[in-house]
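Input: a single structure, listed below in C-alpha cells.
The values are calculated or read from the model by the stated rules, or taken from the named source; none is laboratory data. Every value quoted in this text rests on a predicted model; they were computed, and no experiment measured them. With ideal geometry, Cβ positions are generated from the backbone for all residues, glycine too; neighbour counts draw on all protein chains shown. Side chains included, ligands, DNA and RNA excluded: accessible areas come from the protein's heavy atoms. Shrake-Rupley method; radii C 1.70, N 1.55, O 1.52, S 1.80 Å.
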Amino acid sequence: MKPSLMRSTPVLLALCAASAFAAPPHEHGVGRLDVAVEHGRVTLLLEMPLDSLVGFEHAPRNAVEREAARAALAKLHDAARLWRVDAAAGCAAPTVEIGAGPIEAGEHGSHEPAHAHDDGHAHDDGDGHADAEASFSFECSAAERAAFVDTGLLESFPRLRTVNVQLATRQGQWKTLLTRPMTRLPLVR
Ligand SMILES: [Zn+2]
C-alpha cells in the first residue's frame, strides 16, 4: 500500500498542479449551497461568484458600480425574499452573515476624501476572481418537519444560472441542483 502511494504521489501532484493552472477558481453563473437540517436549526450557506451577484469582481470604481454593489448586498441581506422555510418547521427570522470581499470594501471607498483619485493601479491582479458568501441560520421549533425551502434566489440574481446544492438532514447527505424555473428546494428525498 505504502510504496504504491509513494509512487503515485508525484503523478497526483502533477495532476493537481495542471488542473489548478487550467481551471478557473469558479465558474460564472454557478453557485453553491450547503443546507443542513439539524435539531432546532436549518442552516443555508451560499457561495457564488461576485460576477453572479453584481456583475463584476473588483471594488466599485464609480457611482454606478457602488450603487450596483449596494443593491446586490441589500438583496443578499433580504433573507425573507431569498428563503421561506416550510412553515411546518416553525422557524424564526434567520441570523444572516455576509462576506463579499471587494464590493464591501467598495462601500468604504465611497467615503474616501475628495482628493482621492483613480491612479489606474489594478488591485484585482492575478486571476481577478472573487466570491460572495452568505450564511442564513434559522432557529426552528420543529426543524425536522421542514420538507422544503421556497427560494427567490434565482429571481433575485438573474446572472446566477445554476446552484449546486448539498443537503444534510436526518435522511443523510445528498446532492441536487437548483435551476430555473425551480423556486422550491425539497429537503426530503
Ligand atoms: Zn470570477
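Some values worked out for this structure:
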{"read-out": "Candidate set from the range 50-81 (those that are within 16 Å of the ligand (Cβ to nearest atom) and under 30 Å from A143 (Cβ atoms)); member that is surrounded by the fewest Cβ atoms within 10 Å (Cβ to Cβ)", "value": "A72"}
{"read-out": "Pair list, Cβ under 9 Å, 6 or more apart: the range 169-189 residue in contact (Cβ under 8 Å) with a residue 40 or more places away in the chain, other residue open to solvent by 60 Å² or more (accessible area, probe 1.4 Å) and assigned to a loop (DSSP other than H, G, I, E, B)", "value": "T169/V188; T169/R189; R170/H39; L187/Q171; V188/Q171"}
{"read-out": "Filter pass, I103 being within 16 Å of the ligand (Cβ to nearest atom) and modelled with pLDDT of 90 or more", "value": "yes"}
